[in-house]
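The values are calculated or read from the model by the stated rules, or taken from the named source; none is laboratory data. As the structure is a prediction and not an experimental result, all values here were calculated from the model. All Cβ positions, glycine included, derive from the backbone under ideal geometry; neighbour counts span all protein chains shown. In case anyone asks, the SASA skips ligands and DNA or RNA and just uses the protein heavy atoms, side chains included. Shrake-Rupley method; radii C 1.70, N 1.55, O 1.52, S 1.80 Å.
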Amino acid sequence: MWGFRWLMCLVLLAQFAGAEIPPSPKPKSQPGSTPRPNIILITLDTTRADRMGFLGSQRGLTPNLDELGRRSVVFGRAFSQVPLTPPSHATILTGTYPQFNQVNDFGVTLPKDVPDLPQILHTRGYHTAAFVSSLILDPIEGAAPGFDRGFDTYDAGFHTRLPGQDRYATIERRATEVVAHALAWLDKHPRGPFFVWLHFYDAHDPYDPPEPFKSRFSAQPYDGEIAYTDSAVGKFLTELRERGLYEGAMIAVMADHGEGLGEHGETAHGVFLYDETMHVPLLMKMPAERFAGKRIDSRVGLVDVAPTILQIAGLPVPSGMQGQSLLTMMQPPVGGTEAAAVDRPVYSESDYPRKAFGWSSLRAWRTSKYLFIEAPRSELYDQATDPHADHDISVHAPAVAQTLKTQVDAFRQRTSSSTTAASQAVDPQALEKLSALGYVASGDDVSVPKGIKDTGADPKDNVEIVNLLHDGMLDVEEMRYREAASKLEQVLARDPIPVAYVQLGTALSWLKEYEKALPILRKAAEMRPDQMMTRYELGLALFETGDYESSVPEFQAAIAKAPKWAALHFSLAAAYARMDHMADSQKELQTTVELDPNNFRGNLLLGRILTFRGKPAAGLPNLKRAARLQPNSVEAHLYLAEAYERLGQKINAQRERTEAERLKTAGGQ
């Protein structure tokens, strides 16, 4: 099974049509004008505010960020607008709320008609570059289409992880490697002004910091990831100083969201809107360290970042940006007397429970001393006396709760887009890749996808389902199939979620328990017949049980959804070959190698079939390529020997047989 299934993960670069960004125009500066500053944006994925020393943590995890904080303006009460990576970064980059930019899920294209910080800077003469560290922000292969708008360079290039491959060479990149990529770019683009964005994904689960952080924080690996990321940030800042790029730069550091770590029942993030996932670190180092050491305790949001950066750069803020520049807060007060913290309400939301599970969306409104969460059973917390939101007082203060509900509803209506998001077909391969990161994505432009029961349930009642499903999906990715099956069975006992059926069927198939896997995968296909991976997994299970004829329509249905995925065509070709439909198999194999010229199995089988069908000369190039791709393959050399034999090239045939025998003796494949 492995030989066919690993090809499931081979990914063809999606063909996204997009205008190529022209070179950045040279900045126009008037005689005597102040040069525009270089701008560096650093986003720390899944990083809790309470781990930052500059925000009061005593854990000692962030010495480099703490030092930067002493030279910066620190915002003590900054909040994310969405507890998911692509939507939160959409807010950071556009200065708009999710209800306006409509990026409220994975795989939703960043609209071209919303203001975009990189694009604005690019048109004003900035060189622009992004260095992201996860498939989740890959605009071509992952879940962030359109995020490369405005960038001269967008360094991503991730792909689905194959069995036995390193996580950090496929779907994720360590922080130190991100730093290395960014520094290499700076070496080639030393002349400013530039806008560089570095994204560090390390604190996202699974928590697996490298040494020495792995050993030092063995009991608290999440903290180890924070400490490791801080060390990478420190290295980057040191290199900026050595290049003379630190002093005059504007550096903004923030998290996109935090992490639950079991508080309020949520182990990860995405569902709830409490402070553990929404309160984020935010600091801004000004050029020449203006306002260094200032701390601002008024509430602010990540939606305020883009307009602030533009104003610091001396550029106008587009009227379409909904956030407010924070520069006024940073400046010394008139008369020298520090004003009291201004109460600025902050809005947050999550549609993830709705779109992924059919439950209710959540909205949060932080104002005055209150945290109000709009849900089927709305919640109200007095954070002046209950900072951790442990005691819901909505029953005891119904008038306050109703007033805040009215405010949040009015705010959302006022800040929502007047247009409906365009219907779009989300890349089914991109949605599949999200499971490698433990996420569920609908891929639909409707509120609740087909196959998911629209219960409108309160997520508070079902958070354990989210935790089990998330952990089970990560277990599948890490090839812990027995553990995954146990968790996914518990999920399905409580909620018949289609993705749980698919993941359980996949786990059982890897365990070679096909008879158990088949009814589960058939149920998944019945619930979501439109899902490519559901049909593909069912086809693979049928193939492994020898029911090749039944596997064919499943593979065909998958191909109809993702016609440019080479692995699907190879699987269909393999089924045809087992049914002795060689012409059909040859056709699918030719498509396979057209889409993926370096597909080892595709080239091997195509060369073999062409040889058997009396066309050894036509098959020889494919067999040669297969042997080059995997020179230790016994099969490749044996098949080459046979092709040469049929061509009458006995010396070449003998050479390949000798090599095959040598490899077989040495334990080759």
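Within the range 383-401, track down each residue that is surrounded by 14 or more Cβ atoms within 10 Å (Cβ to Cβ) and either without any contact (Cβ under 8 Å) to a residue 12 or more places away in the chain or part of a loop (DSSP other than H, G, I, E, B) (or both).
Gln383, Asp386, Ala389, Asp392, Ile393, Ser394, Ala397
Given the criteria buried (at least 22 other Cβ atoms within 10 Å of the Cβ), more than 17 Å from the chain's Cα centre (by Cα) and closer than 26 Å to Pro86 by Cβ, does Phe195 qualify?
Values: buried (at least 22 other Cβ atoms within 10 Å of the Cβ): yes; more than 17 Å from the chain's Cα centre (by Cα): yes; closer than 26 Å to Pro86 by Cβ: yes.
Here the answer is yes, as Phe195 does meet what is asked.
Let's see how each residue does on (1) open to solvent by less than 10 Å² (accessible area, probe 1.4 Å); (2) under 24 Å from Gly53 (Cα atoms):
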| residue | (1), (2) |
| --- | --- |
| Leu282 | yes, yes |
| Pro287 | no, yes |
| Ile312 | no, no |
| Pro318 | no, no |
| Trp359 | yes, no |
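Condition check ((1) part of a helix (DSSP H, G or I); (2) modelled with pLDDT under 95; (3) closer than 30 Å to Asp530 by Cβ; (4) in contact with an Asp or Glu (Cβ under 7 Å, 6 or more places away or on another chain)) across all residues:
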residue	(1), (2), (3), (4)
Ala574	yes, no, yes, no
Ala577	yes, no, yes, no
Gln586	yes, no, yes, no
Val593	yes, no, yes, no
Asn603	yes, no, no, no
Ala618	yes, no, no, no
His637	yes, no, no, yes
Ala643	yes, no, no, no
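Just give me the residues in the range 355-374 being outside any loop (DSSP other than H, G, I, E, B) and modelled with pLDDT of 95 or more, in sequence order. Explain how you work it out, then say what you get.
Going through the range 355-374, the residues outside any loop (DSSP other than H, G, I, E, B) turn out to be 355-357, 362-367, 370-374.
Of everything in the range 355-374, those that are outside any loop (DSSP other than H, G, I, E, B) and modelled with pLDDT of 95 or more turn out to be Leu362, Arg363, Ala364, Trp365, Arg366, Thr367, Tyr370, Leu371, Phe372, Ile373, Glu374.
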### Query
For the range 91-106, what are the residues that are assigned to a helix (DSSP H, G or I) and of a type outside the set (A, V, I, L, M)?
Thr91, Thr94, Pro98, Gln99, Phe100, Asn101
### Task
Could you run through the range 614-656 and say how many residues are surrounded by 15 or more Cβ atoms within 10 Å (Cβ to Cβ), among the polar types (S, T, N, Q) and closer than 18 Å to Asn598 by Cα?
3
### Task
Go through the range 524-553 and give me each residue that's assigned to a helix (DSSP H, G or I) and under 28 Å from the mean Cα position of the chain (by Cα).
Ala524, Ala525, Met527, Met532, Met533, Thr534, Arg535, Tyr536, Glu537, Leu538, Gly539, Leu540
### Query
What pairs come up if the first residue lies in the range 252-279 and is touching a residue at least 12 places away in the same chain (Cβ under 8 Å) and within 23 Å of Met473 (Cα to Cα), the second is open to solvent by 10 Å² or more (accessible area, probe 1.4 Å) and assigned to a strand (DSSP E or B), and their beta carbons are under 7 Å apart, counting only those six or more places apart or on different chains?
Gly258/His279
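Can you tell me which residue among Ser348, Ser319, Ser325 is hydroxyl-bearing (Ser, Thr, Tyr) and under 26 Å from Ala401 (Cβ atoms)? Lay out the reasoning, then the answer.
On the way: Ser319 fails: under 26 Å from Ala401 (Cβ atoms); Ser325 fails: under 26 Å from Ala401 (Cβ atoms).
Ser348 is the lone residue from the list that is hydroxyl-bearing (Ser, Thr, Tyr) and under 26 Å from Ala401 (Cβ atoms).
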### Query
Within the set of pairs 6+ apart or on separate chains, which have a first residue in the range 214-241 that is among the polar types (S, T, N, Q), a second that is open to solvent by less than 40 Å² (accessible area, probe 1.4 Å) and in a helix (DSSP H, G or I), and C-beta atoms under 7 Å apart?
Thr229/Ala175
### Task
Answer yes if at least one residue in the range 517-535 is open to solvent by 30 Å² or more (accessible area, probe 1.4 Å), among the basic types (Lys, Arg), over 20 Å from Ala356 (Cα atoms) and in contact (Cβ under 8 Å) with a residue 40 or more places away in the chain, and no otherwise.
no
#### Entry: The one condition in (1) under 22 Å from the mean Cα position of the chain (by Cα); (2) buried (at least 23 other Cβ atoms within 10 Å of the Cβ); (3) not charged (D, E, K, R) that Pro498 fails to fulfil
(2)
### Message
Restricting to the range 588-612, and then to whatever is among the β-branched types (Val, Ile, Thr) and more than 12 Å from Trp565 (Cα to Cα), can you tell me which residue is surrounded by the most Cβ atoms within 10 Å (Cβ to Cβ)?
### Response
Thr611
### Task
Return the residue satisfying two criteria in turn: it lies in the range 37-66 and is buried (at least 23 other Cβ atoms within 10 Å of the Cβ) and either modelled with pLDDT under 95 or hydroxyl-bearing (Ser, Thr, Tyr) (or both), and of such residues it is farthest from Leu283 (Cα to Cα).
Thr46
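Tell me which residues, restricted to the range 106-152, are of a type in the set (A, V, I, L, M) and closer than 16 Å to Val178 by Cβ.
Kept after step one, since they are of a type in the set (A, V, I, L, M), are these residues of the range 106-152: 108, 110, 114, 117, 120-121, 129-130, 132, 135-137, 140, 143-144.
Ala129, Ala130, Val132, Leu135, Ile136, Leu137, Ala144, listed by residue number.
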### Message
I'm trying to understand the selection: among the residues of the range 247-275, which are out of contact with any Asp or Glu (no Cβ under 8 Å at 6 or more places or on another chain), within 23 Å of Leu68 (Cα to Cα) and open to solvent by 10 Å² or more (accessible area, probe 1.4 Å)?
### Response
Gly248
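How many residues, within the range 46-66, are in a helix (DSSP H, G or I), out of contact with any Lys or Arg (no Cβ under 7 Å at 6 or more places or on another chain) and either under 25 Å from Leu371 (Cβ atoms) or free of Cβ contacts under 8 Å to residues at least 60 places away in the same chain (or both)?
Kept after step one, since they are in a helix (DSSP H, G or I), are these residues of the range 46-66: 49-51, 53-55, 63-66.
Now narrow it down to the ones that are out of contact with any Lys or Arg (no Cβ under 7 Å at 6 or more places or on another chain): 49-50, 53-55, 63-66.
Add one more test, that the residue is either under 25 Å from Leu371 (Cβ atoms) or free of Cβ contacts under 8 Å to residues at least 60 places away in the same chain (or both), and what stays is 49-50, 53-55, 66.
Of the residues in that region, 6 qualify.
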### Query
Can you tell me which residue in the range 163-191 is farthest from Ala143 (Cα to Cα), limited to those that are touching a Phe, Trp or Tyr at 6+ places or on another chain (Cβ under 8 Å), buried (at least 16 other Cβ atoms within 10 Å of the Cβ) and not hydrophobic (A, V, I, L, M, F, W, C)?
His181
### Query
Can we say Thr337 is among the β-branched types (Val, Ile, Thr), open to solvent by 60 Å² or more (accessible area, probe 1.4 Å) and at pLDDT 95 or above?
no
